[in-house]
Amino acid sequence: MNTTIGRQWSVFYAYTAWTVVGVVALLPLGVALFLQLRIPAAFATAPLTTAMVSIQIALGAWSAWRAMEAWAAADAPSSRDRWGIRRVGRLPSDLSLLVAAAPSALIAGTTLLGGSDPRLLIISLSLLVTTAAVRWRWEVGTALAVGFTAAAALVQQSLPPVLPSGIIVIAGVVTTRLSLWLAAMVRELDDAREAQAGLAVAEERLRFARDLHDVTGRDLSVIAVKAELVSQLAERQDPRAVEHSREVAQIARTSLAEIRSLVRGYREVDLATELRGTASLLRSAHAEVTIRGEAEDVPARHAGTAAWVLREGGTNILRHADPSTITITLSADGVTLVNDGAPGADEVLEGSGLIGMRERLGAGSALSVRREDGIFTLDVRFDAPGGTR
């Protein structure tokens, strides 16, 4: 499976896959119960055929698992149903279905020769129909289930004894297809959530690009014009070239200072606005956001740093985590962001993002990170003893 998919889909996929495998493996035993066939007794009378049925059950479960893995790893099909959900349709197929079907032919031959209980053939056919229904559309599966009932009636030469078996096979087919449809719906929702989070990150980048353009666009235009003027004045040996060249240098220094201020997050910002924006950004990814404290709790001299930490921390959560709950804490001592979307080892390997955050913190402030049982904590302390940049 693709390791970049969301946690919700991963959990629901595992649930669906094991449900399908369970239906395929246990349904033949249910058919045996309705047919009043005791497996130990069948082993005593027809050990070879009964062993073949047991092996076929294992092969059918394996084939269903292979089908689920191939479906989960496949790209989204272009066709959609009337609800806009990707069609389950015919799942990716391989030779495992043929391998699971092969024992049915052998058991049929043994039954025709009179060497085994006909009910074992019915059980084998029920497994074959259910296994095929995993891979094909529900209409085909239902048709196969009806055909199974007719075949079972011919084998038993009577419809009433096998009618309950046909009903349970039909129920197994419908259950399997509904499970796959629900899984497809959850996958669509997870893909939409991932796309929405990506769009939120892109929007944040565009906002930074707009800020950078506002800071540098006008100054660079003035520098370009004045540089051309200085060039023309210098060619005419006009003494005003020196004055204009100094203005160019001063504008360049001012622009550079503004860029540094922008990158480090020290430009004057409204912490309350940034707090609302970060919370809205995280909620757009369907995470439950809890805010403890208010923007007014942060001292004015640390408001810029706190706003930048919220902006960078919120963006990093969207990019690198898959949280369901997020807690943002503001206080006079610092800012803390906690999310539950960081599974893996408790050891935190700091990448360029965290290293960059440390470098941009003001003197006296300190940043710490930790991960425990999938909960990631980013904590920034103001005026911390031994604080690092």
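No value in this document is a laboratory result; all are computed from the given coordinates. Computed from a predicted structure; not experimentally measured. Note: ideal-geometry Cβ built from the backbone for every residue, glycine included; neighbour counts use all protein chains shown.
Side notes on the structure shown:
- Take each peptide in 162-175, 290-303, count the other Cβ atoms within 10 Å of every residue, and average; sorted highest first, the result is 162-175, 290-303.
- Phi angles of segment 122-129 translate, via the Karplus equation with coefficients 6.51, -1.76, 1.60 and θ = phi - 60°, into HN-Hα couplings of 4, 4, 4, 5, 4, 5, 4, 5 Hz per residue; Gly and Pro are given as x.
- Once you reduce segment 32-70 and segment 177-197 to the center of their Cα atoms, the two points are 33 Å from each other.
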